[in-house]
Amino acid sequence: MRCELRCPRCGFVSDDHNMMRCPRCGSPLMFKCHEVRLDVNSGYASMWRYVNMMAVKPARVVSYGEGLTPLVKIGEVMSKLETRNPTGSYADRASSAVVSNIVRDIYRVRYESDFAYSMAFYARLAGSAISVVADPQSLDPYDVVEIASLGGSIEFDAAPDLYYENPLSVEGLKTIAFELAEAQPRAEAVYVPSSSGLLAISVAEGLDELVGSPPLEVVAVIVKGSPTPSMLGLSKSIRLAEIEPEEVVKSQVRLAKRGIYMKFLAASAYSYAAVEGNGIALITGSLRRSLQRKTKVGGTTMLRSMIISLLSRRGGLTAYSIWKEMSQYTLRGVYSALRSLELSGTVCARYTMEGSRKVKVYELCDGQAGEQNFNT
Ligand SMILES: [Zn+2]
């Protein structure tokens, strides 16, 4: 396998593998790899099992079990649940790749909702600080609160040194393609919600570079009326599809009735896949963390302290086994309490493999969680 860092727009090739943007045209650079073969490192219960297939090998791996997301049927649609990533979004794959490869005391990240939140999480995991550089006009006020709750700060007139669209994000996102290739699903297409188009292009490149990958067509789904993703013109193999916003909202409501809360953009691919059939919808982000804000009412404090007490005595338990010890609460309540304990840094999770299944195990944090030495 060999890789070069090149500009997908003008073809410029960079010898400096730390370069992020094309000096000639300003487009984000991407690694183009050749002769990539499926080569799984079973020592990782995360997307890092594909580390041997990535263009760059990090000196350290900052991981919280991102990737290896389940492929399940929701209604009639085969769905890949990126919502199961640590912060509830596919962006965790990008953040983990960025923070593992770039070691900084402070990451100054250009605001992009899910990526900024995810970067705040991974920066903290690495013991670094994050500052999100935002335009106050385009900032979701909830994001400010959530980024701050992870120790991040917001700046309005600084220059960012990191953008979501960068070569390392693409390397992280290509692992979605590797997982699809390993799963060998019976499908003809993968439907990808698209705004900038970086996710669709990463999945398409990952499939394209991998020798023997399944013949999946990558379909970038946009909501009718929104601008055409700027990066999609850079890949010939991606088909662009439009869905009516009314259809997306209908899907969102139908799914919410079943307890599945998708973000609008995430629901667009699902909605389109439901019409087209025979494809896989990437479910990129959930509303879970927004909903979680409303669940912090009386009773959950008690549940959280019971969980802390149990973990201090027994450690290393799955959510299910925790719930069995406190069955006066619902399993969903236990998950929600664990999630808020995770986000506050009290409880840390690690992943182990049980057969071919990724299992999440909770314990109290010892300050070093999440960082693994690449050589071990
Ligand atoms: Zn260029």
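Only the coordinates and a few stated rules stand behind these numbers; no lab work does. Here the structure is a predicted model, which means the values were calculated and not measured. Note that we place each Cβ from the backbone using ideal geometry, even for glycine, and neighbour counts take in every protein chain shown.
Quick notes on this structure:
- R0 of 25 Å, Cβ-Cβ distance C365-R314: FRET efficiency to nearest 0.05: 0.95
- Annotation: Cα Rg of the chain relative to the compact-globule expectation 2.2 N^0.38 Å equals 0.96.
- Lys, Arg +1 and Asp, Glu -1 on Cβ, resulting dipole of the range 296-367 about Cα centre, debye, nearest 20: 180 debye
- Rounded to the nearest 20 debye, dipole of the range 118-250 from Cβ charges on Lys, Arg, Asp, Glu: 240 debye
- Considered as an equivalent ellipsoid built on the Cα gyration tensor, the range 103-155 has semi-axes of 17, 11, 8 Å, the largest given first.
- Counting charges near E182 (Lys, Arg +1; Asp, Glu -1) among other residues having Cβ under 14 Å from its Cβ returns a value of +4.
- Between 0 and 90°, nearest 10: helix 300-314 axis offset from the chain longest Cα axis: 90 degrees
- Among T330, L199, N166 the positive-end extreme of the charge dipole of the chain (Cβ point charges): T330
- Proximity of backbone amide H atoms, modeled 1.01 Å from N, is registered between K358 and no other residue at under 5 Å, excluding neighbours fewer than 5 places apart on the same chain.
- Mean ellipticity per residue at 222 nm, deg cm²/dmol - from DSSP H runs of n ≥ 4 across the chain, formula -39500 (n - 2.57): -10500 deg cm²/dmol
- Phi-based couplings in Hz for the range 333-349 (Karplus 6.51, -1.76, 1.60; Gly and Pro marked x): x, 5, 4, 5, 5, 4, 5, 6, 5, 5, 5, 7, x, 7, 10, 10, 10
- Reach of K73 by Cα under 17 Å, taken over aspartates and glutamates that are not fewer than 8 positions away in the same chain: E82, E179, E188, E276
- Semi-axes of the equivalent ellipsoid for the range 296-367, Cα gyration tensor, largest first, Å: 19, 14, 11
- Using only side-chain charges placed at the Cβ, +1 for Lys and Arg and -1 for Asp and Glu, the dipole size of the chain relative to its Cα centre rounds to 1120 debye.
- Nearest-0.05 FRET efficiency for E246 and R21, computed from C-beta distance (R0 35 Å): 0.40
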